[in-house]
Amino acid sequence: MLHRPIARTLTAVTVAALAATAVSTAAAAPGWSGGHHASTPLVLGHRGAAGYRPEHTAGGYDLAAAMGADYIEPDLVPTKDGVLVDRHEPEIGGTTDVASHPEFASRKTTKVIDGVTTTGWFTTDFTLAELKTLHAVERLPAIRQHNTMYDGLYQVPTFQDDIDQAEALSVKYHRPINLVPEIKHSTYFASIGLPMEQRVLDVLRRNGLDHRGSKVIIQSFEVGNLQWLHQHTSLALMQLTSASGAPADFVASHDPRTYADIVSPLGLRGVARYATYLGPDKNQIIPRDASNHLKAPTSLVADAHRVGLLVTPYTFRNENSFLPADYQRGTNPADYGNAIAEYELFFSVGVDGMFSDDTDTAVLARTLWEDAGRPAKAA
C-alpha cells in the first residue's frame with residue numbers, strides 16, 4: 001500500500017560521500033558483512049502504522065503486519081485502576097476524542113511529568129472502563145490529514161489486547177508478529193503508586209510470553225528499570241536514548257550522566273551488561289547541521305556492535321517535515337520526500353533494524369537494498 005510514488009533518485013554527491021564514510025565506520029565492527037551486523041534488518045512498526053492510521057490502534061497494528069512489519073510497538077501507560085494501555089503519553093487530549101466528552105470535562109488538569117508541565121486529560125485519572133468509551137484520533141492532523149478519516153473508529157487498546165491481536169495476526173499472515181512494548185515514564189508512575197515493570201511481566205507471564213523464545217523486546221528510555229528487568233526476565237531488552245538530555249531516573253536520583261554518556265564507548269559497555277538492543281535517535285548515528293542537512297556518520301553503530309549490541313534507531317517517516325533537507329521534495333511539509341534514500345543510507349551504516357511509521361516504505365527499501373547486492377548475514 002504505497003500512497004505516493006517515491007522516486008529513488010539520490011542526491012548523488014552527498015549520499016555517496018556519506019555512505020562511503022558510513023561503510024568505513026561500520027566496517028570496524030565485529031560481524032560486519034557488507035551491510036548488516038546480524039540478520040536482515042528488522043522493521044519495527046512504530047506505534048503500529050502511524051503514517052497511515054491513528055497511532056496505537058488495532059487498525060494500525062493490523063496494517064503494519066500486513067505491510068510486513070516484524071514487530072509492532074505499543075507504548076504502555078497505566079490507567080487509574082492499574083491496567084496497561086497503549087498511548088505514547090499518559091496525556092490523551094491529542095490522541096483521543098476525550099475533549100468532546102462533556103462527562104469528562106472536569107478531568108482536565110495539569111501535571112508535571114519528568115519535569116515537563118502538561119495540561120490535559122491523563123490515563124491515570126480514568127478507569128479502564130471509562131477509557132473504553134473514548135476513541136482514537138490522529139495526533140498530527142496537519143501533516144497526516146488522510147489519517148483523520150479514521151478518527152473515531154478505534155478504542156484505546158490494552159496490553160492484553162495487543163497480545164491477543166499479535167497472536168491473531170500471526171495466524172492471519174502466516175508468520176510471527178512480535179511485540180516490542182515500551183515502558184513509559186517509569187520513575188514518574190512509580191512515584192504515584194503505579195509502578196510498571198512488574199505489571200508488564202505479569203501480563204506477559206499470564207500469556208506464556210515471559211521467555212526469550214517469545215521474541216518480545218521490552219524498551220525504555222530509563223536505565224534502572226531495564227536493569228531490574230534484566231534480573232527478573234530472560235526477555236531481550238532495549239535501551240532507548242535521546243539526542244539530548246538524560247534518563248528520567250538519573251535526573252531523579254541526581255546522577256549526572258546523560259544520554260551522551262550512555263552512548264559513549266564506556267557507556268555502551270555498561271548497556272551491554274543488561275540489554276541486547278540499543279535504540280538511539282537516528283540523529284545520534286547521522287547528525288544534522290543547523291540547516292537540517294546531514295553530516296558525516298558518528299561511530300555509534302560500530303561502537304555498539306563492538307560490545308555486542310544490536311542497533312535499531314528511531315523514527316523513520318516519509319514526510320518532508322521529518323526528513324533531512326537532503327531528501328526533502330518541494331516545500332509542503334506533508335508531502336513525501338525521498339525517504340527510501342534515507343533508509344538506504346542507514347542500511348549502509350550497518351543498523352540492525354529501524355522503527356518506522358511507514359512499514360511498506362521500510363520493507364521496500366530493505367528489499368531494494370538487498371536486491372542491489374548487499375546480502376544479509378544469516379541469522
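Just a few scattered comments:
- Ignoring lysines fewer than eight residues from residue 172 along the same chain, the ones with Cα atoms less than 20 angstrom from its Cα are 215.
- Taking the accessible area of segment 315-372, probe 1.4 Å, and keeping the other protein chains in place, the carbon and sulfur fraction comes to 48%.
- Within straight-line cross-link reach of residue 295, lysines at Cα separation under 23 Å, skipping those fewer than 8 residues along the same chain: 282
- Candidates 189, 346, 221: whichever shows maximal mean-square fluctuation once the chain is modelled as a Gaussian network with Cα springs under 10 Å: 189
- Within the accessible area of segment 35-102 (1.4 Å probe), percent carbon and sulfur: 51 percent
- Placing unit charges on the Cβ atoms of the charged side chains and taking the dipole of the chain about its Cα centre, the candidate lying farthest along the positive direction among 315, 283, 133 is 283.
- Å² of accessible area per residue within segment 275-339, as computed with a 1.4 Å probe and no ligands counted: 33 Å²
- Whole-number accessible area per residue in Å² for segment 98-177, which is evaluated in the context of all protein chains at 1.4 Å: 52 Å²
- Taking the Cα centre of segment 91-189 as origin and assigning +1 to Lys and Arg Cβ atoms and -1 to Asp and Glu Cβ atoms, the resulting dipole is close to 180 debye.
- Counting only Cβ charges, +1 for Lys and Arg and -1 for Asp and Glu, the dipole size of the chain around its Cα centre is about 660 debye.
- Two-site FRET efficiency, residue 261 against residue 290, from Cβ-Cβ distance with R₀ of 30 Å, rounded to 0.05: 0.80
- Using a cutoff of 8 angstrom between alpha carbon atoms and counting only pairs six or more residues apart, the relative contact order for the chain works out to 24 percent.
- Karplus-derived 3J(HN,Hα), 6.51/-1.76/1.60, for each residue of segment 247-264, Hz, glycine and proline x: x, 4, 6, 5, 4, 5, 9, 6, 7, x, 5, 10, 5, 4, 5, 5, 8, 6
- Hits among lysines - C-alpha to C-alpha of residue 80 under 20 Å, sequence gap 8 or more where chains match: 108, 111, 132, 184
The values are calculated or read from the model by the stated rules, or taken from the named source; none is laboratory data. All values derive from a computational prediction rather than experimental measurement. FYI the Cβ positions are ideal-geometry reconstructions off the backbone, even for glycines, and counts take in every protein chain you see. For accessibility, only protein heavy atoms count, side chains too; no ligands or nucleic acids. Shrake-Rupley method; radii C 1.70, N 1.55, O 1.52, S 1.80 Å.
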